[in-house]
Structure formats: C-alpha cells, structure tokens
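A.B. asks: My structure is below; once you've seen it, I'll send some questions.
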C-alpha cells in the first residue's frame, strides 16, 4: 500500500489537461477554435488527506494519523488517480466534403489512470506490519491494482453547428502495471516463528525503461442530442467517449503467476519481501516457491471513459439549469460515477455551479466551479472534491481547468 501511494503521489505536481464536467455548450459558428482541458483528481474511499499528503509533501506519519484512516477502512476500499488532458484544434474553413458542414480537428493528449481495490487487512499489514496480527489470519483476497500511462494524437471531423465530433487516434503506451490477487492470505502463529502465505493470482508490469513501449489505436466520439425539456424548451444530452481502443505492448512485460501455499519458519516478514529478500526479483528460488516468471507481449484495453450527461446550454436565457449524468471506465477498480448539479448564470459572462457525485474511486462528495466568458475566450475552473481542498479529513484532491479560444 505504501509503495502504491508513493507511486501515485509522484504525479501530483504534473501540469496536464483533460476533460471534466460540467460541459457548457453553444451552437455559435466559429471558423476556428482551440480547446484546452485538464484534470488532476486523486480520490479514495478510506484514506484521509492527512495520511496521503505525507507521501508527496513529506512529514511524519504518527500512529494517530494511521489509526484515523484504519478506522475508516471497509471490507473493500478503493484508491485511485486520474490525470489527463488534451488540446484540440478545430478548423471549419477546411472542408473535406463540399456539401457537408464538417470541419477538421486535430488533438493531442496525455492520460494517467491508476488505482487499487484492497481490503482492510492489507492496509493494516502495510502500515502496522505483521506484529499486531500474530496468531491471526489476514485476508487480502480480491486485491486488484492497475496503472496505465499513455499519449495520443488524433485526427477527426467536427460538425460546424452541433459541435459533435469523432476522431481516430494513435496511442503510445509509456507505462503499465497490473496485479490481480484472487486469493491472498497470511496466517501467523502467536509466537511469530512461522507463517503461511497463500497466493493465487498474477502480476504484470513493463520491464523496459523506454518511453515507447506499446502502440494502440482507438477513437474519441462526442455527440450532442437535442431533446424536449421543460416548458417546451430544448435541452441537450451528450454521449462522450474518450480513448476507446486497444494497445499492443511490443516491449517485453514481466509476468509473475502464482498459485501456491508457502510456509516459513524462523523468518521475519521483512526477510521475505523487499530488497535482497527471498521474494525479490533477484531470487533464484521462485520456481521452488510455486511462482512462475515469464515475459509477455499482451494486448490490452485502454482505460477509456464513457460519459452520458445532460449538459448546460449557453444559448438558453434562464438563470438556473440542471446537469446530471454518469461516467464509467472499463475497470473493476472504478465504480460507476454518477453526478448531478445546478448551474447559475450570475451575469452574461459569469456562471457558477455546484454538484453532488458518488462513485469512481471514492464516495459521496461535492463540487464547485466557475465559468468566465469573454469575447473570444472561455475559461472554467473547478473541483469535484470541495472538502478535500480545505480539510485534512477529506478523501482526496480534485482540480480541473477548461480553456476555449475562438480564432
């Protein structure tokens, strides 16, 4: 758990761009525009900020801090991070089809998506060691860890009026890691002189340090659908999919598969794991322990995002509008993310909004945002975790940024 937290926290200082809610939509015709979108979102169901912040800000983790998060743990817990972004350039002056109001668009983006589902016992072992659990059985079955980092470049078409679009993308996968522990248990004697380790699962990670490790192909799609709404007004539903595709890892991936029961006597836990320990990569006893190592070049599904939502229509005159929807990733560590909120038009150039959301890597939380509109520029700033921004008892951090420049 500590290794995972450090690994995720290293990315907190990266300035990147990505797509986030809520979407403000208009049908104003432009000849060209440039979009920048960015998000940095860390969240958890059970780890307070006062604990996780120590891994990227530094500081001492006291027993009180560990105990507070330990009391928050449930049978199944989640922790994860989403860092991503894209820049899109659209040009309606260049038309590939004479009789169609379609422009072209180019986009480039960067995505980091990773996290874990884990048990309360795994947290206890990671932060307290095995000594407090002598004579007990630690059940860490069902632990699932996933991490992928990739970049994309795409080309597509965009409708001049509706702003619906589709693009075909090529991807470079620069890093990945996955771990699936279907069964994972630790049984210790009360005197601590022996233990049994039960494991069934596999770990796979990139063994190369190269930036280019895999190649993928996929697409982004953004469709706006008008619907009848209150008092005869129109509203818009958005169906948006990002990074829907697959990749092939042409650089070798190390794979460890295990289905074994290992008994140790007269050894401490820190003699089994860590640098120079029996279960380290340098050990030549893996086969005798029932751990099989191999190299693979797998195909994998990219951690693409699908979001279906009612969006805010900037062409409407009413002061208050609702937005709501659902966001999903094809990953067991990410639960369906549902959200809803209200947008308030303070004046023609200023909108503010508030929302509630549940799911993803966390539980119930609230969000706030502000959108500013100028002649040729729109800017939005917000968060999907208000408590996390102001409190040590928050369960994560969230920031997002939107910029659109009409050219």
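The values are calculated or read from the model by the stated rules, or taken from the named source; none is laboratory data. Just so it is clear, the model here is predicted, and its values are computed rather than measured. Because the Cβ atoms are built from the backbone with ideal geometry, glycine has one as well, and the counts that use them run over all protein chains shown.
A.B. asks: Looking at 183, 208, can you tell me which residue is assigned to a loop (DSSP other than H, G, I, E, B), over 22 Å from the mean Cα position of the chain (by Cα), touching a residue at least 40 places away in the same chain (Cβ under 8 Å) and surrounded by fewer than 18 Cβ atoms within 10 Å (Cβ to Cβ)? Even if it seems obvious, please write down each step before you answer.
C.D. replies: Numbers: 183 fails: assigned to a loop (DSSP other than H, G, I, E, B).
Sole residue among the options that is assigned to a loop (DSSP other than H, G, I, E, B), over 22 Å from the mean Cα position of the chain (by Cα), touching a residue at least 40 places away in the same chain (Cβ under 8 Å) and surrounded by fewer than 18 Cβ atoms within 10 Å (Cβ to Cβ): 208.
A.B. asks: Another question, then. So which of 150, 155, 177 is part of a strand (DSSP E or B) and surrounded by 20 or more Cβ atoms within 10 Å (Cβ to Cβ)? Quick ask: steps written out before the conclusion?
C.D. replies: Values: 155 fails: surrounded by 20 or more Cβ atoms within 10 Å (Cβ to Cβ); 177 fails: surrounded by 20 or more Cβ atoms within 10 Å (Cβ to Cβ).
Selected residue: 150, the only one of 150, 155, 177 that is part of a strand (DSSP E or B) and surrounded by 20 or more Cβ atoms within 10 Å (Cβ to Cβ).
A.B. asks: Which residue, of 170, 83, is in a strand (DSSP E or B) and modelled with pLDDT of 95 or more? Explain how you work it out, then say what you get.
C.D. replies: On the way: 83 fails: modelled with pLDDT of 95 or more.
Result: 170 is the single residue among 170, 83 that is in a strand (DSSP E or B) and modelled with pLDDT of 95 or more.
A.B. asks: Then there is this: Tally time: how many residues in segment 122-139 are more than 17 Å from residue 63 (Cβ to Cβ) and modelled with pLDDT under 90? Please lay out each step first, then the result.
C.D. replies: At the first step, the residues of segment 122-139 found to be more than 17 Å from residue 63 (Cβ to Cβ) are 122, 134-139.
From what's left, modelled with pLDDT under 90: 134-139.
Residues flagged as more than 17 Å from residue 63 (Cβ to Cβ) and modelled with pLDDT under 90 within segment 122-139 amount to 6.
A.B. asks: Within segment 17-65, track down each residue that is modelled with pLDDT under 70 and outside any loop (DSSP other than H, G, I, E, B).
C.D. replies: Of everything in segment 17-65, those that are modelled with pLDDT under 70 and outside any loop (DSSP other than H, G, I, E, B) turn out to be 24, 25.
A.B. asks: Shifting gears a bit: Can you tell me which residue within segment 69-90, out of those that are closer than 24 Å to residue 140 by Cβ and without any contact (Cβ under 8 Å) to a residue 60 or more places away in the chain, is farthest from the chain's Cα centre (by Cα)? I'd like the intermediate steps shown before the answer.
C.D. replies: Taking segment 69-90 first, the residues closer than 24 Å to residue 140 by Cβ are 69-81.
Then keep just the ones that are without any contact (Cβ under 8 Å) to a residue 60 or more places away in the chain; that gives 69-75, 77.
Details: 69: 21, 70: 23, 71: 25, 72: 22, 73: 20, 74: 21, 75: 22, 77: 15 Å.
Filtering first and then ranking leaves 71.
A.B. asks: Residues in segment 309-331 that are farther than 30 Å from residue 245 by Cα and part of a loop (DSSP other than H, G, I, E, B): how many?
C.D. replies: 6
A.B. asks: Among the residues of segment 350-407, count how many are touching a strand residue (DSSP E or B) at 6+ places or on another chain (Cβ under 9 Å) and assigned to a helix (DSSP H, G or I).
C.D. replies: 4
A.B. asks: Of all residues in segment 232-245, count the ones that are part of a strand (DSSP E or B) and exposed (fewer than 14 other Cβ atoms within 10 Å of the Cβ). Let's see the steps before the verdict.
C.D. replies: Taking segment 232-245 and keeping what is part of a strand (DSSP E or B), we get 234-245.
Still in the list and also exposed (fewer than 14 other Cβ atoms within 10 Å of the Cβ): 234.
Total satisfying the criteria: 1.
A.B. asks: Continuing with this model, one more query. Return yes when residue 287 is out of contact with any helix residue (DSSP H, G or I) (no Cβ under 8 Å at 6 or more places or on another chain), exposed (fewer than 12 other Cβ atoms within 10 Å of the Cβ) and at pLDDT below 90 and no when it is not. Please lay out each step first, then the result.
C.D. replies: Details: out of contact with any helix residue (DSSP H, G or I) (no Cβ under 8 Å at 6 or more places or on another chain): yes; exposed (fewer than 12 other Cβ atoms within 10 Å of the Cβ): yes; at pLDDT below 90: yes.
So residue 287 fits the description; yes.
A.B. asks: Can residue 126 be described as in contact with a helix residue (DSSP H, G or I) (Cβ under 7 Å, 6 or more places away or on another chain), surrounded by fewer than 18 Cβ atoms within 10 Å (Cβ to Cβ) and in contact (Cβ under 8 Å) with a residue 24 or more places away in the chain?
C.D. replies: Working: in contact with a helix residue (DSSP H, G or I) (Cβ under 7 Å, 6 or more places away or on another chain): yes; surrounded by fewer than 18 Cβ atoms within 10 Å (Cβ to Cβ): yes; in contact (Cβ under 8 Å) with a residue 24 or more places away in the chain: yes.
Answer is yes for this residue.
A.B. asks: Just one of the numbered conditions (1) closer than 24 Å to residue 325 by Cβ; (2) in contact (Cβ under 8 Å) with a residue 40 or more places away in the chain; (3) surrounded by fewer than 18 Cβ atoms within 10 Å (Cβ to Cβ) is not true of residue 225; which one?
C.D. replies: (2)
A.B. asks: Also, quick follow-up: Among the residues of segment 62-91, write down those that are out of contact with any helix residue (DSSP H, G or I) (no Cβ under 9 Å at 6 or more places or on another chain) and surrounded by 19 or more Cβ atoms within 10 Å (Cβ to Cβ).
C.D. replies: Passing the criteria: 78, 82, 83, 84, 85, 86, 88, 90.
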